[in-house]
Amino acid sequence: MTDSQYEAWLADLSARRVLLAELHHAGGIEYVATGAFISRPTDSAPNRAYHDILRRAIDISTRIDGLIGFGEIELIDNGEITHWVDHAWHGHPVKLYLGSPDWPLDDFRLHTQARNGGISEARRGVLSFAVEDESSVLDQKIDTGELPDGSGPVPLALGSVYNAPAYLLQPDPYEFKASYLAVTELTPKDNGYPVAHTDNLANGSFELTEGLAGTLTVDIEEQHNTPASICQWVADYYGIALSEASLPAYTVGMYFNQQTTGRALLDELCEGLGAYWYLDALGGLVVRQHQVATAADATLVSDQIAFDKIRLAETQPPWGGLTLRYRRNYSTLSTVAGGVDDTEAAQLRNEWRESSASQDVSYYPLAEDADRAERNSIIQLEADAITERDRLLSLRGIRRDVWSIEAFMPPVQAGMSLAVEHPRLAGRVGRVTSVSRSPTRSLTSLELWL
């Protein structure tokens, strides 16, 4: 079955559907379904029986802000699966496949993939599991090791980092640690003035040949200095695939001298780039910049929308202006060496550089100074900051609306462009910002940003 044939089947409101669930645990896999199903002898998994005990399956919500919501899996327990309580479920995969009861198993499509959160309820007639989305793996701390003498974690530097602290590794010779990862260049500074040193780039450290008069900081150049390369590093660290990173090639940098997680790192990356991230149905990382929808990836027609289930949920006023902060100074100085020029000295004393602009929103009287936005970014260069500032202002130069729609299982994904052929929207094209699917009810709730 081709993808287009499968999408046509999803759009068929009279189609019969069955949801198959593969519940992994430490001792194996249990196969259950919303209806009786046995795979065919010619399937890649021949003669596999799925027990008809899946009463309610998880409703899956995917948002472009990285937040994914799940319900529960509820099984009918007539006594035959009571012993499943003893299995080790937590953290093992949950895979849901959607198709027709008269199809071969090989024609089913993976509906979603998640992690078992463990048994949430076990009573007469019912066995329920909590479910966690695959992105929960990104909540695990990034282990960079520990500095000597209980000084905290080794700092994590990615890309171009300006004026970060450096930490003593050993005396005589005095060696200082700048980065957990190998680096391409280090510039140590004493009260902002570069000092003589010997690099150990592979170790992310350096040695000083002379004593210090003031505060030691360091500029760091590490190879992951674009948004896409940082996304790739996160994916590699957590052992997940990078499905897409549609991001500009700005010069960027990030620095953490406290424990952090992949989720926090991705959130910070996206904040000042007008971007969003999520894990797709196959567990791959998707990171994109938010763009105005133009050409539609799919069309939703009136017959696919539940009766009276389309409404305006929110209006967002335009921005009267934007201040985009960039090139963060990770160690502000109160005292700057005399040999540092005035421009650099000012930067060393302040945490951020700023790029500000305004736009005419007089047609919308409520868009006053209160609607001037502020954003922190990991951008390092002024030219890139101006480009992104102007892009974000253009994106929010007019009022934006959010529509809530409940439809019959349309083949839509978070982030795609969607045209809606309905009297309320008259074919307008918007960006899907949230998708919540209820496979057992054959319904999808979505939010559309126009």
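So the values come out like this:
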| quantity | calculated |
| --- | --- |
| Accessible area expressed per residue, the range 187-310, with surrounding protein chains retained (probe 1.4 Å, Å²) | 43 Å² |
| Largest to smallest accessible area among Asp190, Asp139, Asp360 [probe 1.4 Å] | Asp360, Asp139, Asp190 |
| For the chain, size of Cβ-based charge dipole, Lys and Arg +1, Asp and Glu -1, in debye | 1440 debye |
| Whole-percent carbon and sulfur share, accessible surface of the chain, 1.4 Å | 46 percent |
| Area of Met1 that stays accessible when all protein chains are in place (1.4 Å probe, Å², to 10) | 80 Å² |
| Degrees between helix 382-395 axis and first principal axis of the chain (Cα, 0 to 90, nearest 10) | 30 degrees |
| Relative contact order %, the chain, counting alpha carbon pairs below 8 Å whose residues are six or more apart | 15 percent |
| Positive-end residue, the chain charge dipole about Cα centroid, Cβ charges, pick of Gly214, Leu186, Ala383 | Ala383 |
| Nearest-20 debye value, the range 260-305 charge dipole, Cβ charges on Lys, Arg, Asp, Glu | 80 debye |
| Euclidean distance between Cα centres, the range 147-163 to the range 385-446, Å | 40 Å |
| Net length gained if the chain between Ala264 and Glu146 were fully extended (0.36 nm per residue, minus Cα distance) | 40.5 nm |
| Amide H partners (placed H, <5 Å) of Asp77, local residues excluded | Gly125, Val126, Leu127 |
| Accessible surface, 1.4 Å probe, highest first, among residues Arg400, Arg123, Arg391, Arg16 | Arg16, Arg123, Arg391, Arg400 |
| Relative contact order (percent, whole number), the range 82-205, Cα cutoff 8 Å, 6+ residue spacing | 14 percent |
| Ranking by accessible area, most exposed first, for His111, His87 with a 1.4 Å probe | His87, His111 |
| DSSP loop GluC sites (Glu not before Pro) with at most 15 other Cβ within 10 Å: longest gap in the chain | 211-350 |
| Estimated distance in nm for a label pair at Thr184 and Ala122, the labels positioned 7 Å out from Cα along Cα-to-Cβ | 5.5 nm |
| More than 31 angstrom apart: percent of Cα pairs within the chain | 54 percent |
| Rounded to the nearest 10 Å², the accessible area of Ser136 at probe 1.4 Å | 40 Å² |
| Degrees, to the nearest 10: 227-238 long Cα axis against longest axis of the chain | 70 degrees |
| Whole-angstrom gap from the range 279-340 to the range 222-275, using each part's C-alpha centre | 15 Å |
| Positive-end residue of Ser246, Leu156, Ser417, charge dipole of the chain with Cβ unit charges | Ser417 |
| With DNA, RNA and ligands ignored, accessible area of Arg424 (1.4 Å probe; Å², nearest 10) | 140 Å² |
| Cα-centred dipole magnitude for the range 168-212, charges only on beta-carbon of K, R (+1) and D, E (-1), debye, nearest 20 | 160 debye |
| With Cα atoms, 0 to 90° folded angle of helix 262-271 axis to the chain main axis | 70 degrees |
| Average accessible surface area per residue within the range 323-422, 1.4 Å rolling probe, Å² | 49 Å² |
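The values are calculated or read from the model by the stated rules, or taken from the named source; none is laboratory data. Please read these numbers as outputs of a predicted model, since none were measured by experiment. Positions of Cβ are generated from backbone atoms using ideal geometry, with glycine treated the same way; all protein chains shown enter the neighbour counts. Note: accessible area is taken over every heavy atom of the protein model, side chains too, but ligands, DNA and RNA are not part of it. Shrake-Rupley method; radii C 1.70, N 1.55, O 1.52, S 1.80 Å.
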